[in-house]
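The values are calculated or read from the model by the stated rules, or taken from the named source; none is laboratory data. Note that the structure is predicted; figures quoted are calculated from it, not measured. Backbone-built Cβ (ideal geometry, glycine too); neighbour counts: all protein chains shown. The protein model used for the area step is the full one, side chains on, heavy atoms only, and it has no ligands, DNA or RNA in it. Shrake-Rupley method; radii C 1.70, N 1.55, O 1.52, S 1.80 Å.
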Amino acid sequence: MNSTASEIEGKVERGTDRNVTAELLNGGVKDLQERSQNNFATEGRSENITAAYAGSKNASLASSTNVSTTEPVNLDDNDKLLGGLLTSGFDEASCKSRMQSHLYRKASPHKPSPYLISKLRKYEEIHRRCGPNTRDYDKSMKKIVSSKNNGAATKCKYIIWNTANGLGNQMISIAATFLYAILTDRVLLVKFNKDKHGLFCEPFLNSTWILPQKSPFSSWNEHNTETYQTMLDKDRASNSKKGLPSVLFINLQFSFENPEKYFHCDHSQDLLRKIPMLILRSDQYYVPSMFMNPFFNLEIANMFPERDIIFHHLGRYLFHPSNDAWELISSYYQAHLASASERIGLQIRVFNAATTPKQAIMNLVLSCTLQQKILPEVDLKTSVSSAGKNMTTVKAVLVASLHKEYGDNLRSMYLKKATVSGEVIEVYQPSHEGKQKFNDNGHNLKAWTDMYLLSLSDVLVTTSLSTFGYVAQGLGNLKPWLLYRLVGNHSGDFPRCERDFSTEPCFHMPPKHYCNGEPMNDIVSSFPNLRECKDLRFGVKLAAVNGSM
């Protein structure tokens with residue numbers, strides 16, 4: 001069984017794989033237990049934009065000049081290009097979000113390093129020369145196909161990313177695979193199914209990153225291609241680099257049963273370097289494993305002097321909402337969030353709807369947000385109507401959840417009573433699908449919209465282990481408050497939420513052994529820039545060089 005965290009959550013809500021889920025979630029539960037020992041009061045605020053998603057092509061387009069009144073409009077090219085992270089030359093009309101996104105979020109204090117910029121420009125040149133619809137691409141593909149099992153020396157090398165699990169998992173794994181492509185001078189091609197059509201703009205100038213439908217490799221997988229694990233087994237037997245295939249399938253997908261990958265090891269990478277076509281399936285942010293490789297470590301350190309903002313840079317480089325998606329994002333932001341003095345993102349993931357009472361989750365959310373002063377207490381003696389004249393500060397809360405009840409309950413709480421701080425709390429929930437849907441384009445469009453809107457928050461609260469939250473925190477450069485992960489009606493002395501130390505996604509399945517086969521009992525002490533994830537006891541993530549908050 002190959003199940004990532006997101007997939008497990010979905011299966012639990014359908015009533016399956018409960019033992020596996022309990023094993024995974026309890027790791028995080030034990031971890032947190034160890035640590036602990038207006039414009040107000042209108043029904044329109046609960047507007048659900050499901051209908052807008054369905055007719056996104058006809059949705060009203062926010063004007064490029066109709067931006068948040070709380071942020072200064074600065075059309076400097078350096079701002080548009082995110083300090084040199086993005087390249088110029090794109091047709092702005094083809095991807096409005098690329099040139100407008102900086103108007104909707106605070107400028108990042110983390111500037112891309114000159115070395116990262118140079119590596120991106122170099123990669124773009126390789127992709128332009130070797131990408132689809134080029135002479136070098138056609139020549140390389142023909143040679144690889146004709147010598148599938150016998151090895152081939154080609155002018156261009158490739159890595160094809162294959163979809164796996166939910167959109168959050170896919171986005172963090174694409175970012176990791178793009179970094180690997182940069183480090184190994186490979187062209188990244190993504191195999192998007194119909195459920196990803198219309199979500200993202202093309203990230204590379206004058207080229208495409210989408211694997212052509214007519215590509216002979218669109219149907220190749222572990223069943224008709226030599227696998228990475230088979231290659232390792234053969235290498236152990238003969239210790240020879242001869243007989244390497246031209247195409248190799250690599251599975252880096254989450255699984256409790258998978259053997260040690262040794263993907264971070266020099267010898268493995270030396271073998272892979274000689275193979276022109278890699279087909280990868282992954283749902284993981286495996287960047288920390290690349291950091292364990294001495295050569296990759298040096299390159300990553302030069303590209304990212306700040307180790308805890310890798311996804312922040314790569315995510316903003318790669319993932320630009322398509323025009324249809326941007327219409328939904330920008331219009332919703334302008335209608336509900338732009339004029340607020342503070343925007344609070346609240347992402348609520350339910351791990352087991354069958355066994356976890358909704359009220360227990362609501363109590364958890366309120367306990368966290370009230371204790372940490374993210375949301376104000378209500379004044380039980382004062383109604384909203386009698387206090388309204390004195391309320392001037394408006395905080396907008398964006399709830400992202402599959403379940404409608406959480407937005408409704410929070411809205412009702414602040415609808416009837418004034419707050420002790422005198423602030424107006426407006427609550428919005430763009431969508432509520434009820435359950436996670438795989439291979440569904442409309443569902444993914446809603447998810448992408450919610451993720452992006454969350455990333456525009458000033459303060460973010462997410463559910464532990466959720467890759468949905470990982471994407472939002474990375475794009476927005478936000479260190480979220482991580483909600484304790486309820487898998488039942490728990491009570492007791494545990495922290496309702498903890499502040500994360502990094503914006504990076506957690507790598508859920510780090511290596512278990514050194515390259516010589518010795519067990520890696522303390523991965524954190526072996527690699528100083530890695531720290532144990534707060535939301536998963538056996539996961540790791542990159543932290544700042546000094547490891548500080």
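Residues of the stretch 284-303 that are closer than 20 Å to GLU532 by Cα and open to solvent by less than 30 Å² (accessible area, probe 1.4 Å): GLN284, TYR285, TYR286, VAL287, PRO288, SER289, MET290, PHE291, MET292, ASN293, ILE300, ALA301. What do you reckon, is VAL427 out of contact with any Lys or Arg (no Cβ under 9 Å at 6 or more places or on another chain), of a type in the set (A, V, I, L, M) and assigned to a strand (DSSP E or B)? In short, no.
Inside the stretch 332-351, residues that are in contact with a helix residue (DSSP H, G or I) (Cβ under 8 Å, 6 or more places away or on another chain) and open to solvent by 20 Å² or more (accessible area, probe 1.4 Å) make up a count of 2. Does the stretch 173-224 hold any residues that are within 21 Å of PRO288 (Cα to Cα) and small (Gly, Ala, Ser), and which are they? Scanning the stretch 173-224 gives SER173, ALA175, ALA176, ALA181.
Please go through the stretch 508-539 and give me each residue that is in a loop (DSSP other than H, G, I, E, B) and farther than 24 Å from ASN169 by Cα, ordered by number. Scanning the stretch 508-539 gives TYR514, CYS515, ASN516, GLY517, GLU518, MET520, ASN521, ASP522, PHE527, PRO528. Of TYR158, TYR115, all but one fail to be open to solvent by 30 Å² or more (accessible area, probe 1.4 Å) and within 27 Å of GLY89 (Cβ to Cβ); the exception is TYR115. Comparison of PHE256, PHE263 shows that the only residue that is in contact with a strand residue (DSSP E or B) (Cβ under 8 Å, 6 or more places away or on another chain), surrounded by fewer than 22 Cβ atoms within 10 Å (Cβ to Cβ) and in a loop (DSSP other than H, G, I, E, B) is PHE263.
Is it the case that ARG128 is assigned to a helix (DSSP H, G or I), of a type outside the set (A, V, I, L, M, F, W, C) and surrounded by fewer than 21 Cβ atoms within 10 Å (Cβ to Cβ)? It is true that ARG128 is assigned to a helix (DSSP H, G or I), of a type outside the set (A, V, I, L, M, F, W, C) and surrounded by fewer than 21 Cβ atoms within 10 Å (Cβ to Cβ). Whenever a residue of the stretch 345-362 is closer than 22 Å to LYS479 by Cβ, its partners that are open to solvent by 40 Å² or more (accessible area, probe 1.4 Å) and hydrophobic (A, V, I, L, M, F, W, C), lying with C-beta atoms within less than 7 angstrom and at least six residues away or across chains, give the pairs GLN347/PHE468; ARG349/PHE468. On the basis of being part of a helix (DSSP H, G or I), within 22 Å of SER215 (Cβ to Cβ) and under 18 Å from the mean Cα position of the chain (by Cα), does SER140 make the cut? Spelling it out, it is not the case that SER140 is part of a helix (DSSP H, G or I), within 22 Å of SER215 (Cβ to Cβ) and under 18 Å from the mean Cα position of the chain (by Cα).
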